[in-house]
Amino acid sequence: MALLRIREVEVPGDFKLRLTLTDGSVIERDVSQLLVGPVFEPIRKEQADFAKVRVEGGTVVWPNGADLCPDVLIWGGAPPQEGHPPAHPPPA
């Protein structure tokens with residue numbers, strides 16, 4: 001079973017990401033609470049920097065090297081175990 005990952009990203013609003021997943025589903029996440037630490041400081045301060053997000057290696061990354069865990073974005077933690085239906089809950 002292939003891991004579900006992020007295929008495309010769009011920025012529909014302040015600190016929100018619209019993610020197209022490798023299974024074709026689309027989810028939206030407010031990531032404002034996930035942008036913690038010095039690497040995210042420029043991204044938090046300037047919406048133009050936040051909007052430079054792109055997909056690389058199945059997750060979202062920014063030009064300054066910041067990234068977010070795809071499992072947190074998709075599942076809110078680790079992916080469900082095989083045999084459990086996908087729920088795509090929002091991150092905690």
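The values are calculated or read from the model by the stated rules, or taken from the named source; none is laboratory data. Because the structure is a prediction, the values reported are computed rather than measured. Note that each Cβ is placed from the backbone with ideal geometry, even for glycine, and that neighbours are counted across all protein chains shown.
Answer with yes or no whether V36 is modelled with pLDDT under 95 and either in a helix (DSSP H, G or I) or among the aliphatic types (A, V, I, L, M) (or both). Judged against the criteria, V36 is a match. The lone criterion from (1) surrounded by 14 or more Cβ atoms within 10 Å (Cβ to Cβ); (2) over 15 Å from the mean Cα position of the chain (by Cα); (3) polar (S, T, N, Q) left unmet by T20 is number (2).
Condition check ((1) in contact with a helix residue (DSSP H, G or I) (Cβ under 6 Å, 6 or more places away or on another chain); (2) assigned to a strand (DSSP E or B)) across all residues:
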residue: V9; (1), (2): no, yes
residue: L17; (1), (2): no, yes
residue: I27; (1), (2): no, yes
residue: F40; (1), (2): no, no
residue: D49; (1), (2): yes, no
residue: V60; (1), (2): no, yes
